2 protein chains.
Amino acid sequence: MSQIETYIQEHEGQFLEDLKAWLRIPSISTQPEHAGDVQRAAEYAVEQLKHLGIEHAELIQTQGHPLVYGEWLQASGKPTLLIYGHYDVQPVDPIELWESAPFDPTIRNGNIYSRGAADDKGQVMLVFKALETLFKVNGTLPINVKVLIEGEEEAGGESIEHYVKTYPERLGCDAAFICDTHMPSTEIPALITGLRGIIYTEVVVHGAKGDLHSGTYGGVAPNPLHALSIIISRLKDADGHIHIPGLYDKLRKPSHEEKTFWEQDPLHMNEAFLHEMGVSQLSGELEYPPLERVSARPTLEVHGIVGGFTGEGAKTVIPAVAKAKISLRLPPDLKSKEVFKLFEQAVKDNAPAGVTVDVINVHGGEGVLVSPDSEVMRAASSALEEVYGKAPVHLREGGSVPIAALFDEVLRVPVVLMGFGLPDDNLHAPNEKYSLQQFFNGIRTVASFLQKMA
Amino acid sequence: MSQIETYIQEHEGQFLEDLKAWLRIPSISTQPEHAGDVQRAAEYAVEQLKHLGIEHAELIQTQGHPLVYGEWLQASGKPTLLIYGHYDVQPVDPIELWESAPFDPTIRNGNIYSRGAADDKGQVMLVFKALETLFKVNGTLPINVKVLIEGEEEAGGESIEHYVKTYPERLGCDAAFICDTHMPSTEIPALITGLRGIIYTEVVVHGAKGDLHSGTYGGVAPNPLHALSIIISRLKDADGHIHIPGLYDKLRKPSHEEKTFWEQDPLHMNEAFLHEMGVSQLSGELEYPPLERVSARPTLEVHGIVGGFTGEGAKTVIPAVAKAKISLRLPPDLKSKEVFKLFEQAVKDNAPAGVTVDVINVHGGEGVLVSPDSEVMRAASSALEEVYGKAPVHLREGGSVPIAALFDEVLRVPVVLMGFGLPDDNLHAPNEKYSLQQFFNGIRTVASFLQKMA
């Protein structure tokens with residue numbers, strides 16, 4: 001048994017105790033009454049970094065919650081890795097659905113149950129413990145590291161965005177490593193090779209100056225709810241095709257390797273989606289494989305509509321205004337600002353006569369494409385293969401990880417998205433958990449990854 | 001000056017005092033805390049009927065609020081008129097917008113301001129005072145009358161529906177007279193010759209078994225809000241045409257007289273609608289005149305949509321369910337039950353693959369067409385011409401008056417819809433008012449109407 005493995009096995013109990021202590025701090029970043037807890041969770045991370053051997057570990061005060069920073073730059077001539085994670089967590093409601101208290105970490109069936117167990121304290125802690133293991137076994141690290149942990153990932157992430165844009169040279173590195181994603185299963189290691197960007201909008205349709213009675217005005221009045229339905233049905237048809245002129249023009253063709261992977265669907269996502277959603281058929285662009293549709297195609301979704309009378313019973317109002325929240329997921333190369341302009345134009349072009357329409361840009365973010373051919377990605381791939389016994393699959397995620405886009409855009413380095421969560425970890429939901437097997441395999445993988453980077 | 005006119009002028013003050021006393025009783029039928037007031041308002045009507053000479057005046061207890069009934073059947077060989085009105089009123093909120101207290105009737109600028117002034121106590125009281133005038137001047141009435149006043153018009157009207165269907169022979173008559181409508185202006189008397197029926201529905205669209213995240217499932221998930229938009233846009237196009245197979249098949253062609261009236265638009269409804277709605281152009285079926293569109297064409301309106309995330313900010317949910325409230329206004333000959341079946345089929349036929357749809361029949365009611373050529377309508381027309389100096393226009397109303405449909409269907413007699421309200425009476429709104437000039441002209445008209453019926 002290697003010294004690394006011996007150290008990990010001998011310290012399993014202590015590693016878990018350190019994780020539990022961190023999980024007990026209810027660092028909910030969106031709830032002002034927990035501001036003190038958020039601060040305590042940040043201080044705990046600083047103590048951990050100091051304890052394991054990272055230098056200059058400190059809190060960086062921001063307009064919001066503090067950043068945690070530390071570095072170790074004594075591996076002369078070796079590459080530098082920027083390590084990212086977050087110590088803040090989601091709220092716990094509905095609290096009554098938790099089987100054990102969300103901030104009383106409890107081990108059941110090989111999992112640790114707690115808010116933040118998977119998202120993201122468990123994953124940050126496994127990186128810390130990988131660093132500790134390397135330090136304790138070798139007295140040194142194989143590469144240089146900079147650690148940057150934020151406390152606002154669940155609350156908009158403004159402070160870290162401001163910091164990265166203001167001090168890009170302080171964060172200078174050869175690669176960034178984000179440990180905040182998951183694998184398809186304990187048997188299938190994965191590296192994330194793409195993320196979609198997003199534009200999130202609100203479409204507001206105005207008709208008459210006030211609500212009207214349909215008995216008196218039905219037949220001559222503009223109906224903003226009807227107009228909104230027409231606009232939405234024209235933006236995306238029943239077959240999932242988006243009709244926004246220019247949208248698909250800049251879409252890059254996926255690689256042959258990706259296309260083959262999606263078409264062969266070795267993860268059986270077709271069946272998985274049917275099961276998870278409880279439906280008898282999938283929706284969307286049927287001419288594309290499901291995995292491509294959810295991760296590499298642009299999609300348009302309506303998230304909410306509100307307008308008129310929505311209570312019990314009947315009221316024959318023609319409302320003066322109706323609103324919809326609509327977003328588009330954008331594969332890399334579709335830039336959020338450009339797409340917003342195309343979207344806004346398409347909404348206005350499709351509005352029926354008689355109504356006026358406002359299109360509000362709520363927020364936007366860019367997608368990321370990570371080539372699997374860089375040295376750092378090969379090191380990550382090799383580390384995963386060493387621990388899991390097989391090479392990782394290359395997946396794109398359909399959602400956004402804004403920090404990945406930020407590192408990609410500002411630092412211009414490869415962004416390794418390697419996480420050890422599982423699909424059933426209940427992120428943002430009651431009974432969030434993290435697999436202990438994944439926690440310890442994560443420590444092994446990250447330790448190996450750093451050694452292979454050297 | 002006729003004896004009738006002399007009596008009216010000499011008793012103006014007393015007539016108004018009797019109206020005010022009734023208006024002071026807050027007979028809000030939908031608010032249980034006012035149940036006692038509703039009862040008192042009914043008792044007041046019984047007293048009025050007894051006082052003026054109506055026989056067998058009494059309260060009829062029901063499952064809800066009492067009916068007021070009375071009759072005078074001594075005009076042997078003369079026709080019998082069933083007179084309808086309601087003594088219940090709408091709630092008063094928003095109370096802060098009233099310039100004088102809603103149950104403290106106040107006279108300003110020739111109007112009496114109070115909840116119920118126009119809808120419908122003022123109109124019922126003018127009928128009472130016409131009867132009183134005829135009794136006092138002639139010692140008798142020119143025709144037989146049955147009076148039936150309800151207390152649930154603003155609360156569904158179930159009790160009167162049950163009563164009429166149970167005792168049609170007790171209400172046997174040659175014509176019914178409903179004094180609960182309005183005229184276009186003090187210069188333009190009107191008789192209502194048509195009302196639209198309605199079906200009111202709720203369309204519920206189900207997608208996946210739970211809410212989904214668009215980053216993970218966008219591209220394969222059914223989106224009930226998108227499906228609902230497609231369904232609605234397919235049911236009615238941007239030009240106001242309804243695409244429900246069979247809907248227009250039974251639509252009766254309007255008379256040449258009506259068509260000419262709508263096309264010539266002597267009431268300038270085109271401009272009136274633009275002004276009232278504050279829009280620069282009218283919507284709907286532009287190939288039909290506005291007055292025809294709002295009163296004689298089938299219309300489909302969406303009254304409310306709700307689904308997904310509708311709070312502040314952004315949430316990327318794909319909701320599991322979305323709902324819309326949709327009604328159709330139905331010209332006479334389009335029967336509500338048949339149209340509901342056509343509607344339900346069209347909704348299901350237009351639903352995109354991947355969602356399931358439920359269509360709920362919330363309620364329905366039939367339209368009414370009143371021929372202006374009956375003797376009773378000629379008597380009403382002649383009475384209006386006598387008092388107002390010109391023949392009444394024949395209007396259809398776009399809304400429903402369920403009691404008219406009920407009398408039409410059960411009693412099978414002509415239904416005279418002659419009221420003296422004005423378009424700016426603020427029904428169901430703060431500062432409801434009734435024109436005193438209309439109140440006294442109403443008394444004159446109804447007295448004349450009964451004489452001409454004889």
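Among the residues of the range B:331-353, is any more than 18 Å from the chain's Cα centre (by Cα), facing chain A (nearest Cβ under 8 Å) and among the hydrophobic types (A, V, I, L, M, F, W, C)? Taking every residue of the range B:331-353 in turn, at least one turns out to be more than 18 Å from the chain's Cα centre (by Cα), facing chain A (nearest Cβ under 8 Å) and among the hydrophobic types (A, V, I, L, M, F, W, C). Residue selection: A:G308 fails the criterion of being facing another protein chain (nearest Cβ under 7 Å) and within 24 Å of the chain's Cα centre (by Cα). When A:I107, A:I25, A:I112 are screened for being among the aliphatic types (A, V, I, L, M) and out of contact with any Lys or Arg (no Cβ under 7 Å at 6 or more places or on another chain), only A:I107 passes.
Which of the following residues is aliphatic (A, V, I, L, M), touching a strand residue (DSSP E or B) at 6+ places or on another chain (Cβ under 6 Å) and modelled with pLDDT of 95 or more: A:V401, A:V339?
A:V339
Considered as a group, the residues in the range A:224-235 that are open to solvent by 10 Å² or more (accessible area, probe 1.4 Å) and facing another protein chain (nearest Cβ under 7 Å) include one that is nearest to A:E338 (Cα to Cα), and that residue is A:S233.
When the residues of the range A:392-413 are narrowed to those that are open to solvent by less than 30 Å² (accessible area, probe 1.4 Å) and part of a loop (DSSP other than H, G, I, E, B), which ends up nearest to the other protein chains (Cβ to nearest Cβ)? The selected residue is A:G399. Could we say that A:I4 is open to solvent by less than 20 Å² (accessible area, probe 1.4 Å) and either under 28 Å from A:N138 (Cα atoms) or acidic (D, E) (or both) here? The answer is no for A:I4. Taken over the range B:314-329, residues that are more than 7 Å from every other protein chain (Cβ to nearest Cβ) and either open to solvent by 20 Å² or more (accessible area, probe 1.4 Å) or of a type in the set (S, T, N, Q) (or both) amount to 2. The lone criterion from (1) surrounded by 23 or more Cβ atoms within 10 Å (Cβ to Cβ); (2) within 19 Å of the chain's Cα centre (by Cα) left unmet by A:A383 is number (2).
Within the range B:12-28, the set of residues being of a type outside the set (D, E, K, R) and within 26 Å of B:G64 (Cα to Cα) comprises B:L19, B:A21, B:W22, B:L23, B:I25, B:P26, B:S27, B:I28. Scanning the range B:279-306 for residues being in contact with a Lys or Arg (Cβ under 6 Å, 6 or more places away or on another chain) and more than 25 Å from B:L334 (Cβ to Cβ) gives a total of 1. Taking the criterion of being among the hydrophobic types (A, V, I, L, M, F, W, C) and either out of contact with any strand residue (DSSP E or B) (no Cβ under 6 Å at 6 or more places or on another chain) or open to solvent by 30 Å² or more (accessible area, probe 1.4 Å) (or both), the residues of the range A:236-255 that qualify are A:A238, A:I244, A:L247, A:L251. Within the range B:221-232, not a single residue is hydroxyl-bearing (S, T, Y) and outside the structural domain of B:P331 (by TED's automatic domain parsing). Against the condition assigned by TED's automatic domain parsing to the domain that holds B:P66 and buried (at least 20 other Cβ atoms within 10 Å of the Cβ), how does B:R170 come out, does it pass? So B:R170 does not fit the description; no. With the condition kept exactly as written, say whether any residue in the range A:195-205 is open to solvent by 30 Å² or more (accessible area, probe 1.4 Å) and aliphatic (A, V, I, L, M). For the range A:195-205, residues open to solvent by 30 Å² or more (accessible area, probe 1.4 Å) and aliphatic (A, V, I, L, M): absent. Once the range B:266-293 is narrowed to residues that are under 23 Å from the mean Cα position of the chain (by Cα) and at the interface with chain A (Cβ under 7 Å from one of its Cβ atoms), the residue that is surrounded by the most Cβ atoms within 10 Å (Cβ to Cβ) is B:R293. The set of residues in the range A:126-154 being within 23 Å of A:V38 (Cβ to Cβ) and in a strand (DSSP E or B) consists of A:K146, A:V147, A:L148, A:I149, A:E150. In the range B:257-276, the residues that are more than 17 Å from B:S185 (Cα to Cα) reach residues that are polar (S, T, N, Q) and surrounded by fewer than 16 Cβ atoms within 10 Å (Cβ to Cβ) with C-beta atoms within less than 8 angstrom, at least six apart or across chains, in these pairs: B:L274/B:S280; B:L274/B:Q281.
What about B:P184, is it more than 28 Å from B:V359 (Cα to Cα), of a type outside the set (K, R) and more than 13 Å from chain A (Cβ to nearest Cβ)? The answer is no for B:P184. Residues in the range A:105-132 that are over 22 Å from the mean Cα position of the chain (by Cα) and surrounded by 24 or more Cβ atoms within 10 Å (Cβ to Cβ): A:P105, A:K129, A:A130, A:L131, A:E132. Of the residues making up the range A:367-380, those that are aliphatic (A, V, I, L, M) and open to solvent by 20 Å² or more (accessible area, probe 1.4 Å) number 1.
Checking B:Q63, B:Q39, B:Q74 one by one, the residue that is open to solvent by 70 Å² or more (accessible area, probe 1.4 Å), under 25 Å from the mean Cα position of the chain (by Cα) and among the polar types (S, T, N, Q) is B:Q63 and no other. Of the candidates B:L411, B:L427, B:L406, B:L422, the single residue that is outside the structural domain of B:K335 (by TED's automatic domain parsing) and touching a Leu at 6+ places or on another chain (Cβ under 9 Å) is B:L411. Taking the criterion of being surrounded by fewer than 15 Cβ atoms within 10 Å (Cβ to Cβ) and of a type in the set (D, E, K, R), the residues of the range B:342-357 that qualify are B:K348, B:D349.
The values are calculated or read from the model by the stated rules, or taken from the named source; none is laboratory data. All values reported here derive from a predicted model rather than from experimental measurement. Note that each Cβ is placed from the backbone with ideal geometry, even for glycine, and that neighbours are counted across all protein chains shown. For accessibility, only protein heavy atoms count, side chains too; no ligands or nucleic acids. Shrake-Rupley method; radii C 1.70, N 1.55, O 1.52, S 1.80 Å.
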